[in-house]
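Read-outs: derived from the displayed coordinates by stated rules, not from any lab. Since this is a predicted model, take the numbers as computed values, not measurements. With ideal geometry, Cβ positions are generated from the backbone for all residues, glycine too; neighbour counts draw on all protein chains shown.
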Amino acid sequence: MTVSIRLATLGDVDELRALIETSVRRLSVGFLDEEEIEAELRAVGVDTQLVTDGTYYVATADGRIVGAGGWSRRQALHGSDAYRASHGPGADALLTPARDPARIRAMFVHPDWARRGIGRRLFETARDAARAEGFTSFILTATLPGVPLYESLGFRKVKQYVDELPGGGKVPVVEMRL
């Protein structure tokens, strides 16, 4: 089956929410415990700023979304609308391409489509678009299930820490750079 990549639209939000929940619940097993998975699900979700900025992509197959991911020219390293809002107006500040790394953001693949190159294709699409705007370096915050993919893409671990989430809960994450 052919997988296509296109820009996400606000009309995709409900399907993206379902994708994110399924991806986190199933692909985090073995990396996070049940409490961490539930905490992550309270904090992650769709960041509509990425969609309206035109920097978020979906992978589709047979008319349904099987993956999503993108990049940002804004300060926030990760999070959904609610998470970003809890970090104040600075989260939406624009970056300077000559100085700041672009943010790789919100990468999710449906478990039935995992390990088929969809995450790599979404990253390459995001990377190429960010480079077209003058960005030459990249940073991301990865949850533990994503670390192997990002390492295979050339990212290096900068630091590992426990992210204390709004509303309670903690999730181990890794800041990575390329």
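So here's what we get for this one:
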read-out	value
Test: residue in region 11-23 that is in a loop (DSSP other than H, G, I, E, B) and surrounded by fewer than 21 Cβ atoms within 10 Å (Cβ to Cβ)	no
Matching option when the condition is under 23 Å from residue 127 (Cβ atoms) and either touching a strand residue (DSSP E or B) at 6+ places or on another chain (Cβ under 8 Å) or among the β-branched types (Val, Ile, Thr) (or both), among 51, 29	51
Criterion (among the basic types (Lys, Arg) and closer than 25 Å to residue 168 by Cα) met by exactly one of 64, 25	25
Count of region 139-155 residues which are in contact with a helix residue (DSSP H, G or I) (Cβ under 7 Å, 6 or more places away or on another chain) and within 14 Å of residue 127 (Cβ to Cβ)	3
Tally of residues being farther than 23 Å from residue 127 by Cα and in contact (Cβ under 8 Å) with a residue 60 or more places away in the chain across region 1-23	2
Count - residues of region 158-178 that are more than 21 Å from residue 121 (Cα to Cα) and basic (Lys, Arg)	2
Of all residues in region 24-57 being among the charged types (D, E, K, R) and under 24 Å from residue 92 (Cβ atoms), the one that is surrounded by the most Cβ atoms within 10 Å (Cβ to Cβ)	47
Single residue of region 142-171 satisfying the filter (small (Gly, Ala, Ser) and part of a loop (DSSP other than H, G, I, E, B)) that is surrounded by the most Cβ atoms within 10 Å (Cβ to Cβ)	169
Residue in region 124-137 that is under 17 Å from residue 27 (Cα atoms) and in contact (Cβ under 8 Å) with a residue 24 or more places away in the chain present	no
Residues of region 32-45 classified as in contact (Cβ under 8 Å) with a residue 40 or more places away in the chain and either in contact with a strand residue (DSSP E or B) (Cβ under 7 Å, 6 or more places away or on another chain) or not acidic (Asp, Glu) (or both), total	7
Whichever residue in region 62-80 is aliphatic (A, V, I, L, M) and in contact with a helix residue (DSSP H, G or I) (Cβ under 7 Å, 6 or more places away or on another chain) and, among such residues, is surrounded by the most Cβ atoms within 10 Å (Cβ to Cβ)	68
Qualifying residue in region 58-78 (condition: of a type in the set (Asp, Glu), more than 19 Å from residue 123 (Cα to Cα) and assigned to a helix (DSSP H, G or I))	no
Extreme residue, surrounded by the fewest Cβ atoms within 10 Å (Cβ to Cβ), among residues of region 94-141 that are over 19 Å from residue 68 (Cβ atoms) and of a type in the set (Ser, Thr, Tyr)	96
